[in-house]
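Nothing in this text is a laboratory measurement; each read-out follows from the coordinates by a stated rule. What you are looking at is a predicted structure, and each value in this text was computed from that prediction instead of being measured. Here Cβ is always computed from backbone atoms with ideal geometry, including for glycine, and neighbour counts include all displayed protein chains.
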Amino acid sequence: MRIFSLENIYSYNYNYLPLWLIGFLINILRWSEIVITGILIFEITSSPFQVTLLLILRFLSLMSFSVFSGIIVDKYNKKYCLSISLFLIAIISILFYSFTKQNINIYILHLYSVLSGGFWAMESTARKALIIESIKVDFYAKYISLDTLSLHITRCIGPLLSGFFYNYITISYLFLLSFSTYIICFTLSIYIENNKNPSSTNIISIYDYKLIYKKIINEKYLVLIYLITITFNIWAYAHISLLPAIVDIDDFYESSHISYLFAIEALGSLFSILFIYIFDKQKLYNVYYIAGTVITLLSALIFCFSFNIYFTLIILFIGGFGSGLFSAMQPILVALYSPPDYKGTMLGCLNLCIGFATIGYLNVGLLSTHYGVKEAILISAVEGLFILILNLFIFNKMKINILPRGKE
């Protein structure tokens, strides 16, 4: 029996394939940008903090715009929100292409990170909300995790592509590629069908932030999901941003290894999605979510004691497996426990929690400046494990079952 087939997906809903393909193309581009801009700014400044600052700016922008983008998506036409954002970022990319043809400096990279983060908030929220509308609840795990699978494949392809651009093509052409990719995605978005049963358009309730807060607090599982997401993004994944610095510090790495390190971590994530497809039981979703966070934190801690490239590859693969479990489950759990008319808003709140990675990058950036790169990763991982255990302990003491409701 086949787990899924593209033919079945297409016949089930016309919207799913273009939405999936848009996410696939954009995330290849996004990971290419993150890696190559990190390498460039480290070469310009020789500062690990400047490497993390690019990610801080990107995620701070994501964080700032996330809830508002969710409100916009719930209030207005989701298809138009996606299409307009794709068109605008395409125009921005071609402008940056012209800038970098003349000169490249850290301020151009900073500005592009901010704009990319804002676009990320709108694109991710609108696209995921459209995907959730296009499938039934019983198929959330398979089709949402298929979309997440594409994300982790792109985390493998993107860094390899960035290495190609860095070695053989000038950085300005990366922005030209950005423009071309966004135009293709914009064209695909035109063919998305409008939802025939849109969410509530009550502008009074949909823009009431107090009501949104109450909706979250009333669903205790959403609170736990958001808290674990914040924990993961502050402490579990920040060490990935320091890979360019690690490669430069340790003698057993070569400069060409950086792309392979990013790629093997992404490969571990890819295997975790296949694992979810095989063992798709709703009663296990919370276990995957929490276990993924624990595995990633422990892998980050062990990573600090790596003594050769092969050990590093194994640890990054295991850490990628954990981060894959985590990232596949978070939109599924939010979709399951969100109020029907507030799914876009709750996805926006999820992006807000993801944006807390800003604090994580700032944390490891400052720690690496004062104590060293590996020491910063070690301290961050220990902090994260403590906070995760504390969250679970508090929920248990409040007699709130940390195992979300699910079907057998």
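Counted by neighbouring Cβ atoms within 10 Å, the residues R127, R30 run from fewest to most as R30, R127.
Which of Y213, Y289, Y260, Y277 comes first, and how do the rest follow, when ranked by fewest Cβ neighbours within 10 Å?
Y213, Y277, Y260, Y289
Which shape class, rounded, prolate or oblate, goes with the stretch 6-397 when its Cα gyration tensor gives a ≥ b ≥ c as root eigenvalues, a/c under 1.5 marks rounded, and past that a/b bigger than b/c marks prolate?
Details: a/c = 1.58, a/b = 1.20, b/c = 1.32.
In terms of gyration-tensor shape, oblate.
For the pair the stretch 316-380 / the stretch 250-271, the C-alpha centres are spaced 20 Å from each other. Helices meeting the span-like rule in the chain (full DSSP H runs, Cα extent of at least 30 Å along the helix axis, mean Kyte-Doolittle score of 1.6 or higher): 257-278, 309-337.
Full-extension gain between L392 and K214, please, as 0.36 nm times their residue separation minus the C-alpha to C-alpha distance.
On the way: separation 178, 0.36 × 178 = 64.08 nm, distance 2.16 nm.
Length gained between L392 and K214: 61.9 nm.
Taking square-rooted eigenvalues a ≥ b ≥ c of the alpha carbon gyration tensor, is the stretch 255-408 rounded, prolate or oblate, where a/c under 1.5 means rounded and, failing that, a/b exceeding b/c means prolate? Verdict is prolate for the stretch 255-408. Please work out whether the stretch 311-398 counts as rounded, prolate or oblate from its C-alpha gyration tensor, where a ≥ b ≥ c are the square roots of the eigenvalues and a/c under 1.5 means rounded, while otherwise a/b larger than b/c means prolate and anything else oblate? Prolate, because a/c is 1.5 or more and a/b exceeds b/c.
Cross-link pairs exceeding 25 Å in C-alpha to C-alpha distance, out of K215/K397; K136/K210; K128/K281; K79/K142; K142/K210, comprise K136/K210; K142/K210. The ranking of W120, W235, W20 by Cβ neighbour count inside 10 Å, starting from the fewest, reads W20, W120, W235.
Packing here is the average count of other Cβ atoms within 10 Å per residue, and on that basis the peptides 290-299, 366-375, highest first, run 290-299, 366-375.
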